[in-house]
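Down below is the structure, laid out as structure tokens.
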Number of protein chains: 2
Amino acid sequence: MRQLRYFVAVAEHLSFSRAAEYLNLAQQSLSQQIQALERGLGVRLFDRDTRGTRLTAAGQVFLPEARAVLTRFDTAVVVVQRADRGEMGRLNLAFLTSTANYMLPPVVRAMRERFPDLELTTYNVPIDELVAGVRAGRFDAAFTRPPLVADLVTRVLAVEPVCAVLPAGHPLANRDVLSLSDLAAENWVLTPRESWPPWHARYDRDFAAAGFTPRVVQRAAGVPNLLGLVAAGVGVTRLARSARSIRRTGVVFVPLADDHAETVVAWMPAREGPALRNLLDVTATLTGTADLTSAG
Amino acid sequence: MRQLRYFVAVAEHLSFSRAAEYLNLAQQSLSQQIQALERGLGVRLFDRDTRGTRLTAAGQVFLPEARAVLTRFDTAVVVVQRADRGEMGRLNLAFLTSTANYMLPPVVRAMRERFPDLELTTYNVPIDELVAGVRAGRFDAAFTRPPLVADLVTRVLAVEPVCAVLPAGHPLANRDVLSLSDLAAENWVLTPRESWPPWHARYDRDFAAAGFTPRVVQRAAGVPNLLGLVAAGVGVTRLARSARSIRRTGVVFVPLADDHAETVVAWMPAREGPALRNLLDVTATLTGTADLTSAG
DNA sequence: AGTGGTTACAGTCTTAGCCTGTGAGCGTCG
DNA sequence: CGACGCTCACAGGCTAAGACTGTAACCACT
């Protein structure tokens, strides 16, 4: 490496003395190093005689090669330092299917703007796979809804109203606001209990606080399916307002008083690297600048 | 450089101990070198703890970079060694205009076959420019006709008969062979005396030996022009038989007894590098295998 | 012949880089 | 639960690479 730099310096100056001066080095040491390089390669690189130095044919061929090695090395150094600052590398991001439609575009756009060399790979996944993936390190961060599990750290990115979702033409559909207890007598469609126990534990608490146990006539996985069932008149359900972006026909969203849903970014604190920190910074500024949930 | 090799070894083995064994090195020394590398870069490359070693995100980015630098270096070494053996590099070859038509194709073809990575550049030049170019180093070798000058070394590649060139229908045109003295009474066309004095000095000796001084009615530079003048009946001239390849109509070539012309390769002995030696080897084998002058 | 330029050789010294010995931390197994 | 085996890191000693200075040989120009 050093010998390559020395070689290039001598080749550029065509003089051991001047190259040595340029390198802040004694001419003798430079001679010695070039000889060592020539010995190592088994190739004579310079024709020297008492009145100067010229490149041999082999030396002329070696000069661009040596330059290429050095610049390759220099860029490697720059790249690893940028990677260390989290400006390069790869981030695998998981989006909960029901949050992807409004969270993914602004996040990806802002990241590409601030860190164009950071390679983002995004995945739309159900909640259980999302949590397992973050824990296993398959995902560096996930955009999802709480509650999750204790070993993941979360930060709230957006808060939005929760709405009752009623079939169009339902007696309560023209109300401006409802409370959960207004829906005690309805038929309900909800997601399967096993999809993510922490969510259903919270639902159970909410329904208990409203003083009833919902009569569940149908369970279906995924927000689009729930909305389809509501539109078909099978029952009512309860979703964050951003779910409106998935389906607008045949269903009516009526805000539920004092009921809010959070969207969070979640990650493993042990795996918090610089690139992840940059992602968290960017999402934090996003939270301040725009209403993320209105994008859908 | 060494540190890069060490880094790649550790990254591949994901263990300082095993990598050290692989490198025939104490684990402690390897640890030390990696620390030095990390200190030099200002970047932590490995997450080590008591039960193993993993690459950091920056390390993962650095691994392909380091590999690239090393392979670039390895190819540089191979390239310079091939260049040293004369298998790579560049050769500038000069061909005397009148020899190019039969010498250039076989030489270039044979060189491309034996040394495909040797870059050949060929030039068709008049004799004075050819000699000056070889002396100045613009050409590494030249294919031409002797005599030249003392400081160029030459090797004979081909010998061919010299012919009297007569207009078609000339009284002597149907003879199988002539001697120079048969042409004492003819009108002559020859090249200008200043084109290349050593040639004309030889011509003068030949004519003197034949017992006459040619009556020169026209001087013209270049074999095609001479042939044109002969075809036009202006006079006769004297050329190597290979000149037939330039023009066959209106002229008749009759061999001159005991008169032969050589084609030689010429070079500066001081500039004799490995690539040039390879060229000389190839031309030597060419001389053995085929009649070069018949190609025209 | 003297002067200023080139590179190469020889001797000295510093320190990079290797070694061995040791220790701390974690996991496994008797 | 302690011994053992594995990991990597630290400490001290030694060798040799790579720096320095001094000298010499050679050439060109004055």
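Please treat every number below as a calculation from the coordinates, not as lab data. Because the structure is predicted, anything quoted here is derived from the model rather than measured. Glycine also receives a Cβ, built like all others from the backbone with ideal geometry; neighbour counts cover every protein chain displayed.
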- Message: How large is the Rg to Rh ratio of the stretch A:2-84 when both quantities use alpha carbon positions and Rh follows Kirkwood?
- Response: 1.04
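For chain B, with only Lys/Arg (+1) and Asp/Glu (-1) charged at the beta-carbon, what is the dipole magnitude about the Cα centre, in debye rounded to 20? If you can, show how the numbers build up before the last one.
Details: 33 positive and 29 negative charges, 146 e Å.
The calculation lands at about 700 debye.
If Lys and Arg each add +1 and Asp and Glu each add -1, what is the summed charge of the other residues whose beta carbon sits under 14 Å from the beta carbon of B:Leu183? Walk me through the intermediate numbers first.
On the way: positive: B:Arg175, B:Arg215, B:Arg238; negative: B:Asp182, B:Glu186, B:Asp206, B:Asp259.
Local net charge: -1.
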- Task: Please work out which residue of chain A brings its Cβ closest to the axis of the rotation superposing A onto B, and round that distance to whole Å.
- Result: A:Met1, 2
- Note on the structure: Highest GNM mean-square fluctuation among A:Val252, A:Val264, A:Val43, for chain A with Cα springs under 10 Å, belongs to A:Val43
- Note on the protein assembly as shown: C-alpha Rg/Rh, Kirkwood Rh, two decimals, gives 1.32
- Note on the structure: Of B:Tyr102, B:Tyr22, B:Tyr123, the most mobile residue in a GNM of chain B (C-alpha springs, cutoff 10 Å) is B:Tyr22
- Message: Checking the a/c ratio against 1.5 first, then a/b against b/c, what shape does the Cα gyration tensor give for the stretch B:89-164?
- Response: oblate
- Query: So for A:Leu172, A:Leu118, fewest C-beta neighbours within 10 Å to most, what's the order?
  - Reply: A:Leu172, A:Leu118
- Task: Report, in whole Å, the centroid distance computed from the Cα atoms of the stretch B:37-114 and the stretch A:25-102.
- Result: 11 Å
- Task: Note down the nm distance, to one decimal, between modelled labels 7 Å out along Cα→Cβ at B:Ala184 and at A:Thr71.
- Result: 7.2 nm
- Item | Magnitude of the charge dipole, the stretch A:160-260, Cβ model with Lys/Arg +1 and Asp/Glu -1, debye to 20 | 300 debye
- Message: Sort B:Arg2, A:Arg5 by Cβ crowding within 10 Å, fewest neighbours at the top.
- Response: B:Arg2, A:Arg5
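Among bridges DSSP assigns within the stretch B:158-296, what percent are antiparallel (round to 5)? Each step should come with its number before you reach the end.
Details: 13 of 19 bridges.
So the antiparallel bridges in the stretch B:158-296 amount to around 70 percent.
At a Förster radius of 25 Å, what calculated FRET efficiency corresponds to the Cβ-Cβ distance of A:Leu14 and B:Ala136, to the nearest 0.05? Display every interim value, and only then the final one.
Numbers: r = 18 Å, r/R0 = 0.73.
So the FRET efficiency works out to roughly 0.85.
Among bridges DSSP assigns within the protein assembly as shown, what percent are antiparallel (round to 5)?
On the way: 48 of 82 bridges.
Of those bridges, close to 60 percent are antiparallel.
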- Go through A:Leu130, B:Leu180, B:Gln27 and say which Cα lies farthest out towards the positive end of the charge dipole of the protein assembly as shown; charges sit on Cβ, +1 for Lys and Arg, -1 for Asp and Glu. B:Gln27
- Query: Along the charge dipole of the stretch A:160-260, Cβ charges K/R +1 and D/E -1, which of A:Val236, A:Pro214, A:Leu256 sits furthest on the positive end?
  - Reply: A:Val236
- Query: Between rounded, prolate and oblate, where does the stretch A:160-260 land on the alpha carbon gyration tensor, with a ≥ b ≥ c its root eigenvalues, rounded for a/c under 1.5, else prolate if a/b exceeds b/c?
  - Reply: rounded
- A:Arg202-A:Arg219 pseudo-label distance in nm [points 7 Å out on the Cα-to-Cβ vector]: 1.9 nm
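Trypsin sites (Lys or Arg not before Pro), restricted to the stretch B:221-290: which are DSSP loop and have at most 14 other Cβ atoms within 10 Å?
Values: sites: B:Arg238, B:Arg241, B:Arg244, B:Arg247, B:Arg248, B:Arg271, B:Arg277; in loops: B:Arg247, B:Arg248.
Here the trypsin sites (Lys or Arg not before Pro) that fit, given the DSSP loop and packing criteria, are B:Arg248.
Size of the dipole of the protein assembly as shown about the Cα centre, Lys and Arg at +1 and Asp and Glu at -1 on the beta carbon, nothing else charged, in debye to 20?
Working: 66 positive and 58 negative charges, 21 e Å.
Dipole magnitude for the protein assembly as shown comes out near 100 debye.
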